[in-house]
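The next block holds one structure in the form of structure tokens; read it before the comments.
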Amino acid sequence: MSTCWYIGVILSWFLIGCASSSADPQTVENPVDTTISSIPSPPDSSMVKPVSRPDTSDLERRLIEAGLVNIQALEPSIQVELKYASPDNFLGENVYGDIRRCYLQPEVADMLARAQRALQAKHPNLSLYVFDGVRPRSVQFMMWKIVKGTDQQQYVASPKAGSMHNYGASVDLGLATTEGVLIDMGTPFDFFGELAQPRYEERFLASGELTQRQIDNRRKLRAAMLSAGFHGILSEWWHFNAFSRDSIKQRYQAVE
């Protein structure tokens, strides 16, 4: 037989082997699909939802969605005990539910962090101790319902008039040691009487109802808060607004 015939037979066997090998999937290990359809598309940003902590309450989620800031996430050294998140307050009821963290408008939270740094620069053993921050209007309605028609009604702003707390632009606070021991300010938080009013401090110092140390403690708190831009009020040593009432209403919307 001719050499050409042998070459033709060998070539035919080779082509048959290649065809059968490519048709048998068992001969391919770990195949990789390189088509465009196999590459995952980036997620739609509108579908991405923020991850909440396991202990985040419904109220707290609403505050986060409203753009407010957890003050301890900004300045962890600030101490917080939300008085209206337990029955240990003049209402005798918990009106905040499970929330334990204090939220404020971002600008106001930054001011509070500056106040903490100013305080600790002069008094390293002291810390701001927050009793209340943002107070949603839903909570204001609950508080008003509890006190309406009682002697305590005068101490709670009606939901119609509103409080600067409703805007996340006010904070109630005192001082504590860095170990968490409250500093004596002459009266407890939410003491409703003239003894808690800064405008009468000199009179009560003269009468001996307030000590110089108690007044000095209040002045330390005021100095730190004023240095960061806050404004105190004449009727409560613990209450500070970030801006004037009109300015707060222009800057922010009430938190529902």
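Here are the numbers:
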quantity: Among 109-118, 213-222, the order from most to least packed when residues are scored by Cβ within 10 Å on average; calculated: 109-118, 213-222
quantity: Relative packing of 192-198, 206-212, which averages over residues the other C-beta atoms within 10 Å, highest first; calculated: 192-198, 206-212
quantity: Lysines with Cα under 20 Å of Lys122, excluding same-chain neighbours fewer than 8 positions away; calculated: Lys220
quantity: Translational D in µm²/s for region 54-251 (Stokes-Einstein at 20 °C, 1.002 mPa s, Kirkwood Rh from C-alpha pairs); calculated: 125
quantity: Whichever lysines have a C-alpha closer than 19 Å to that of Lys249, once near sequence neighbours (fewer than 8 apart) are set aside; calculated: Lys160
quantity: C-alpha center-to-center spacing [region 64-140, region 179-226] in angstrom; calculated: 20
quantity: Ranked by how many other beta carbons lie within 10 Å on average, peptides 181-190, 130-139, 143-152, 239-248 from highest; calculated: 130-139, 239-248, 181-190, 143-152
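Computed from the coordinates by the stated procedures, all read-outs in this text should not be read as laboratory data. Because the structure is a prediction, the values reported are computed rather than measured. Ideal geometry is used to build each Cβ from the backbone, glycine not excepted, and the neighbour counts take in all protein chains shown.
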